[in-house]
Amino acid sequence: FTAKYTPSATISTDEEGRVLDKKLLQAMKLKIDHTDDVVVSDVEKKTVTQQPPLPFSLDTLQIEANKVYGLSPKDTLDTVQSLYEKKIVSYPRSDCNYIPASQHGDAKKIIGMLASGDELVPMTDAADPGISGKAFDDAKITAHHAIIPTGEKPTGLTENEQNIFGMIAKRYLVQFYKPFVFEKTSYKLAVGDEIFVGSGREILELGFRVVEKEEQDAKEPVLSVPTLSVGDAIGKQGTSITEKKTTPPKRFTEGTLIAAMTNIWRFVAADNPNREKLKETKGIGTPATRDTIIAELLATENKGKPIEACLTKKKKELIPTDFGIKLIENVAPSLTLPDATAEMEFSLSEIAAGKKSMTAYIDEIIDVVNDNIRFAEAREFPLVESEDAVPCPICGKGTLLKKFSPKLQKHFYICSDESCVLPEDGRKMFYEDDKGKPIVEHCPSCRTVLRRLNGKNGPFWLCAKCSKTYNDKHGHPELKK
């Protein structure tokens, strides 16, 4: 068995307790290699009882399905909705992980149905319907209870439905197994005046782990430790230094992003006074809307029309697009902070509980809106040029960008180069929109770009160079051939 060096107060470490000076560790290793006495300085044994994981809510199901099967949150919701419509599982859009105590009596029927099925759910024969664990808690039931099997026998399921039903059924099933019990031994070894620590465990009762296997970290395998007593001399087999490099935090997947949205308090600074109270809220969105939020960020079209996506997906990882980054940079920080909507939810819950007045909250929101308007007015969003953008016919450097006029209630185009003007009169050019394309017309005589104007008798077209005018016909100049 092994033990890891614990740096003393005189050893310099980073904020996570890692020693960065390799030479210092090499000197420490040399010192320890020449020290024969390794003595057990402390031993602590305790019995640890681990209860089964709770049944699934929608968000925990989406997280697990993404991790195990790579399903998107939307695919998971669609699948569990289909199972619900087939009356195989309970209501899917639930944020609750608990079951009413009154439904404990259904366990025998549901377990019996699972036992008579195929290999979707293993080890049903060891489940004890008489066990009533922590999942059966009326005090923690919200609008709906956890997602569980109804007792109806599943037939004709698709592959996704089989996988999702198997997960829901297994998580329900483990509620009727005994807890996982093990004895944990923690120890300290003294090598001269240096201390090494470690731990190991002995399984006493496998319990629900028969069904729900434990995910062990390969980097830190569970150790089997012999019987140790304080003062025991330990034979030292050798020492080694593990050299590693830090890596950036992993990018979000759809599953880990759902988890982050649910537990948004984890992304708030430790000294933020709102951190603890945010634990009481449901985070960003609801179990029924989080998959839609992510899907809209990934979307490249809306109602059949192309739009700029804020996120793209590479393998399972979510990567912000240039457009998404520019969008965040041009929105007031008060709306982009991870805890923004969670704080709003908390305020609403305070109002519902009578701890805060609605008038005070509305005043706060008005201030936020006004701050955002001032922020927006002081910035100009850098519109992203599409691949099929039309080059400016005047300067040739910019491209024609589509904009919208709230006053005229219509789209128009303008050059992306702010300094671009028509050389003949020094005025900016605005181009009409025709089914998503700018209307660019030239004078037949001098090839100058024509400007569309509104006269007493309706619109007409003018050449700023040779002063010729042309009648308007269906939004285009009527040019003689």
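The values are calculated or read from the model by the stated rules, or taken from the named source; none is laboratory data. Since this is a predicted model, take the numbers as computed values, not measurements. Here the Cβ is made from the backbone with ideal geometry for all residues, glycine too, and neighbour counts use every protein chain on show. Quick note on the areas: whole protein, heavy atoms, side chains included, nothing else; ligands and nucleic acids left out. Shrake-Rupley method; radii C 1.70, N 1.55, O 1.52, S 1.80 Å.
Restricting attention to the stretch 141-164, does a residue exist that is more than 35 Å from the chain's Cα centre (by Cα), open to solvent by 40 Å² or more (accessible area, probe 1.4 Å) and at pLDDT below 90? Full working, then the answer.
Within the stretch 141-164, the subset more than 35 Å from the chain's Cα centre (by Cα) is none.
No, every residue in the stretch 141-164 fails to be more than 35 Å from the chain's Cα centre (by Cα), open to solvent by 40 Å² or more (accessible area, probe 1.4 Å) and at pLDDT below 90.
State the number of residues belonging to the stretch 237-268 that are more than 24 Å from residue 16 (Cβ to Cβ), surrounded by 15 or more Cβ atoms within 10 Å (Cβ to Cβ) and not hydroxyl-bearing (Ser, Thr, Tyr).
Selection size over the stretch 237-268: 5.
Is there any pair with a first residue in the stretch 103-116 that is more than 12 Å from residue 130 (Cα to Cα) and a second that is open to solvent by 40 Å² or more (accessible area, probe 1.4 Å) and not in a helix (DSSP H, G or I) whose Cβ atoms are under 6 Å apart and which are 6 or more apart or on different chains, and what are they?
As it stands, the answer is 113/153, since those pairs meet every condition given.
Within the stretch 356-465, considering only strands (runs of 3 or more DSSP E) that don't extend past its boundaries, which have at least 2 residues that are in contact with a His (Cβ under 7 Å, 6 or more places away or on another chain)? Walk me through it before giving the result.
Numbers: elements: 400-405, 410-415, 431-434, 451-455, 458-462.
Where strands (runs of 3 or more DSSP E) fall fully within the stretch 356-465 and carry at least 2 residues being in contact with a His (Cβ under 7 Å, 6 or more places away or on another chain), they are 400-405.
Could you list, in sequence order, all residues of the stretch 145-169 that are part of a loop (DSSP other than H, G, I, E, B) and of a type in the set (S, T, N, Q)?
If we filter the stretch 145-169 for residues that are part of a loop (DSSP other than H, G, I, E, B), which is where we start, we get 145-146, 148, 150-158.
Those that are part of a loop (DSSP other than H, G, I, E, B) and of a type in the set (S, T, N, Q): 150, 155, 158.
Within the stretch 297-325, restricting attention to residues that are part of a helix (DSSP H, G or I) and in contact (Cβ under 8 Å) with a residue 60 or more places away in the chain, which residue is nearest to residue 371 (Cα to Cα)?
First pass over the stretch 297-325, keeping only residues part of a helix (DSSP H, G or I): 297-298, 322-325.
Now restrict to residues that are in contact (Cβ under 8 Å) with a residue 60 or more places away in the chain: 322-323.
Details: 322: 25, 323: 23 Å.
Checking each candidate, the answer is 323.
Select from the stretch 240-292 the residues that are acidic (Asp, Glu) and part of a loop (DSSP other than H, G, I, E, B) and list them in ascending order. So that I can check it myself, show each step before the final result.
Taking the stretch 240-292 as the starting set, the residues that turn out to be acidic (Asp, Glu) are 243, 254, 271, 276, 280, 291.
Answer for the stretch 240-292, where residues must be acidic (Asp, Glu) and part of a loop (DSSP other than H, G, I, E, B): 243, 271, 280.
Considering only residues that are among the small types (Gly, Ala, Ser) and touching a residue at least 24 places away in the same chain (Cβ under 8 Å), look in the stretch 326-346 and name the one that is farthest from residue 360 (Cα to Cα).
We begin by selecting, within the stretch 326-346, every residue among the small types (Gly, Ala, Ser); these are 332, 334, 340, 342.
Next, only the ones that are touching a residue at least 24 places away in the same chain (Cβ under 8 Å) stay: 332, 334, 342.
Values: 332: 22, 334: 18, 342: 18 Å.
Filtering first and then ranking leaves 332.
Can you tell me which residues in the stretch 170-183 are among the β-branched types (Val, Ile, Thr) and either part of a loop (DSSP other than H, G, I, E, B) or within 31 Å of the chain's Cα centre (by Cα) (or both)?
Going through the stretch 170-183, the residues among the β-branched types (Val, Ile, Thr) turn out to be 174, 181.
Across the stretch 170-183, the qualifying residue is only 174.
Could you check, for the stretch 311-321, whether at least one of its residues is aliphatic (A, V, I, L, M), within 21 Å of residue 253 (Cβ to Cβ) and surrounded by 15 or more Cβ atoms within 10 Å (Cβ to Cβ)? Outline the logic, then answer.
Going residue by residue through the stretch 311-321, those that are aliphatic (A, V, I, L, M) are 311, 318-319.
Okay, now just the ones that are also within 21 Å of residue 253 (Cβ to Cβ), so 311, 318-319.
Now drop any that are not surrounded by 15 or more Cβ atoms within 10 Å (Cβ to Cβ), which leaves 311, 318.
Yes; the residues of the stretch 311-321 include at least one that is aliphatic (A, V, I, L, M), within 21 Å of residue 253 (Cβ to Cβ) and surrounded by 15 or more Cβ atoms within 10 Å (Cβ to Cβ).
Only one of these is more than 30 Å from residue 233 (Cβ to Cβ), of a type outside the set (A, V, I, L, M) and in contact (Cβ under 8 Å) with a residue 60 or more places away in the chain: 180, 136. Name it. Walk me through it before giving the result.
Numbers: 136 fails: in contact (Cβ under 8 Å) with a residue 60 or more places away in the chain.
Every option except 180 fails the conditions.
Out of the stretch 11-38, which residues are part of a loop (DSSP other than H, G, I, E, B), out of contact with any Gly (no Cβ under 9 Å at 6 or more places or on another chain) and within 13 Å of residue 236 (Cβ to Cβ)? So that I can check it myself, show each step before the final result.
Going through the stretch 11-38, the residues part of a loop (DSSP other than H, G, I, E, B) turn out to be 11-21, 34-37.
Checking which are out of contact with any Gly (no Cβ under 9 Å at 6 or more places or on another chain) leaves us with 11-21, 34, 36.
Those that are part of a loop (DSSP other than H, G, I, E, B), out of contact with any Gly (no Cβ under 9 Å at 6 or more places or on another chain) and within 13 Å of residue 236 (Cβ to Cβ): 34, 36.
So if I check each of 334, 347, which one is touching an Asp or Glu at 6+ places or on another chain (Cβ under 9 Å), surrounded by fewer than 15 Cβ atoms within 10 Å (Cβ to Cβ) and part of a helix (DSSP H, G or I)? Let's see the steps before the verdict.
Numbers: 347 fails: surrounded by fewer than 15 Cβ atoms within 10 Å (Cβ to Cβ).
The unique qualifying residue is 334.
Yes/no per residue for (1) of a type in the set (S, T, N, Q); (2) closer than 28 Å to residue 307 by Cα:
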position: 424; (1), (2): no, no
position: 433; (1), (2): no, yes
position: 442; (1), (2): no, no
position: 448; (1), (2): yes, no
position: 454; (1), (2): yes, no
position: 457; (1), (2): yes, no
position: 466; (1), (2): no, no
